[in-house]
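Colleague: Attaching a single structure in structure tokens format; questions to follow.
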Amino acid sequence: MKKILVAFFILIFSRNFLGATHQFWAGAAEITITPTVETFSDSNKNNRYDAGEPFEDLNKNGKWDPVWLAGYRGGRYATGKQGDIWAKALVLKTKDASVVFVALDLIGFMFDEADKLKESASAKFGIPKNHVFIASTHDHSGPDTLGIWGDNGQSGKDPAYLEWLRTRVMGCVTEAMDKQKPAKVIFAKMHYPNPIDDPRPPRVINDLLMSFRAVDAEGKTIGTVVNYAMHAEVLNENNHLITPDYPGTLRQVLEQHFGGIALFFAADIGGMQTPKVIFHTFRKARKLGKALARKVIQSYKNQQPVEIDQLSVKTQSILFPIQNPRFAGEIQKGLFGETANLIQKQNDQIFLPAEAGVIRLGPAMIATVPGEAFPELGHKIRDKMNAEYKFMIGLCNNEIGYIVPKEQWHWDWYEESMSLGPETEPILLDAFDKLLAK
């Protein structure tokens, strides 16, 4: 009799929480994506591997296989790890639509690699390909997944690692799908400008600290999404250890506090939005991650769960002209791997495919951008968004580099050297004009 009463009260609570019939589900999962690192003995102390030096041949192929770290300068190899890097997945579903979000502790994930995963997820789960969104945290202490940080001008991409990564991510998404349960969402936001620096004039930042939590019928957290505009680069070019940087600590603290799986997505980080630190240490990365986590937790004070009655997706395919001769040259040299096969030519101009998107999640809108938008562009897009909560996921389904406002373009500045060209920003803004048109 007691068991029957308990079951009855659980049923009543669930019906009150979700209504007579629930219409929204959520599931989350995580998996490590840390590459195996072969170490070597630097016998002559020149900070590089030389033929004949002893090394750890983990795959028994008779040669040293470095993990080239992404960001800063080429030829920076990993000597180990300071914490794992992760793939984190969140699946959201209504009776009308499903959306998959994947956050990767990588510097970026190119269109061809993202497309393979989107195809696999679509085929396996029967959801539209354009409902899968894969974004990078822009980790500057992870493996080179773009191809431009190898040694002596060689690609730093490891095809075997990327193949293994796809398997891991698909396993993660499958687990998130299997774990779906009835849910509601709690949204939160606040301004937090303190840790962000913008060394490029004019100083424009996006200090919005956005987040939402999917919670189940008992109020337990399924997944937490955090969205903030700051490079994951507390550790600088002197670091040789794989690490998720400050997002790792941020997620860990939130998972300990709320439970569930925490995902971090970089927002409009161009310009460049970088951590305001003097000492580039693991201690500082942890301190910054903890500070952000405390602000996220604070932002949930008095916030209540809401029923999600609308989940919809709109995407726009884009062809960006590659006006930067450096990009064109490196693609032709094969540094970007199979991305070269996606290049389209019209007359004498070459174009790179990409995609922008807008997801409506109840009172929130989420804009997805295929690179590192400057906050100037981010503010323009947010101004067009008709929602109480305005998220922006950068480096989503591609990494086309910095998206510099056309009126600020200087061919001899750093961000421009890592950009497709001056027409990228107006083309992307036009895409969002169409996506956000009423």
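Colleague: Using R₀ = 30 Å, calculate the FRET efficiency as 1/(1 + (r/R₀)^6) where r is the Cβ-Cβ separation of Ser43 and His280; round to 0.05. Could you put the intermediate results ahead of the total?
Modeller: Numbers: r = 28 Å, r/R0 = 0.93.
After rounding to 0.05, the efficiency reads 0.60.
Colleague: Of His231, His191, His138, which is the most mobile in a GNM of the chain whose springs link Cα atoms less than 10 angstrom apart?
Modeller: Looking only at His231, His191, His138, the largest GNM fluctuation is found for His191.
Colleague: Here's something else I'd like to know. Can you give the accessible area per residue of the chain, in Å², using a 1.4 Å probe?
Modeller: 42
Colleague: Hey, with R₀ at 22 Å, roughly what FRET efficiency would Leu319 and Trp164 work out to, going by the Cβ-Cβ distance, to 0.05? Please report the intermediate quantities before stating the final value.
Modeller: Details: r = 31 Å, r/R0 = 1.40.
Once the sixth-power term is evaluated, E becomes 0.10.
Colleague: Moving to a separate point now. Tally up the carbon and sulfur contribution to the accessible surface of the chain as a whole percent, 1.4 Å probe, everything protein left in place.
Modeller: With neighbouring chains kept in place, the figure for the chain is 51 percent.
Colleague: Can you give me the relative contact order of the chain as a percent, contacts being Cα pairs under 8 Å and 6 or more apart?
Modeller: Details: 1024 pairs, mean separation 73.3, N = 438.
Once normalised by length, the contact order is 17 percent.
Colleague: Just need the relative contact order of the range 353-427 here, percent rounded to a whole number, with Cα pairs under 8 Å and 6+ apart.
Modeller: 29
Colleague: From the helices alone, meaning DSSP H stretches of at least four residues, give me the mean residue ellipticity at 222 nm for the chain, per-run term -39500 (n - 2.57), in deg cm²/dmol to the nearest 500.
Modeller: Value at 222 nm, helices only, nearest 500: -8500 deg cm²/dmol.
Colleague: Stretch Asp309-Ser122 to full length: gain in nm at 0.36 nm per residue minus the Cα-Cα span?
Modeller: My answer for the length gained is 65.0 nm.
Colleague: Mark the label point 7 Å from the Cα of Asp151 along Cα→Cβ and return the residues of the range 67-102 whose backbone N is within less than 13 Å of it.
Modeller: Residues 67-69, 74-79 fall inside that zone.
Colleague: Further question on the same structure: Give me the extension gain from Lys220 to Asp207: residue separation times 0.36 nm, minus the current Cα-Cα distance, reported in nm with one decimal.
Modeller: 1.8 nm
Colleague: Mean-square fluctuation check for the chain, GNM, Cα pairs under 10 Å: which of Glu330, Glu218, Glu407 is largest?
Modeller: Result: Glu407 has the largest fluctuation of those listed.
Colleague: My understanding is that a pair violates if its Cα-Cα distance is over 28 Å; which of Lys384/Lys406; Lys220/Lys434; Lys157/Lys290 do that in this structure?
Modeller: Numbers: Lys384/Lys406 19 Å; Lys220/Lys434 38 Å; Lys157/Lys290 32 Å.
As for pairs spanning more than 28 Å Cα to Cα, those are Lys220/Lys434; Lys157/Lys290.
Colleague: Then there is this: Name the residue, out of Val234, Val100, Val277, whose mean-square fluctuation peaks in a Gaussian network model built on the chain with Cα pairs under 10 Å.
Modeller: Checking each option, the largest mean-square fluctuation is seen for Val277.
Colleague: Please compute the length gained on full extension between Asn238 and Asp96, using 0.36 nm multiplied by the number of residues separating them and subtracting their Cα-Cα distance.
Modeller: Length difference between fully extended and current span is 46.2 nm.
Colleague: Also, I was wondering about something else. To the nearest 0.05, what FRET efficiency results for Asn386 and Asn347 with a Förster distance of 45 Å applied to their C-beta separation?
Modeller: Approximately 0.70, to the nearest 0.05.
Colleague: Viscosity 1.002 mPa s, temperature 20 °C: give me the Stokes-Einstein translational D for the chain in µm²/s, with Rh taken as the Kirkwood radius over C-alpha pairs.
Modeller: Numbers: Rh = 22.4 Å.
Calculated translational D: 96 µm²/s.
The values are calculated or read from the model by the stated rules, or taken from the named source; none is laboratory data. These numbers come from a predicted model, not from an experiment. All Cβ positions, even for glycine, are placed from backbone atoms using ideal geometry, and neighbour counts span all protein chains on display. Remember, those area values only see protein heavy atoms, side chains included, never the ligands or the DNA or RNA. Shrake-Rupley method; radii C 1.70, N 1.55, O 1.52, S 1.80 Å.
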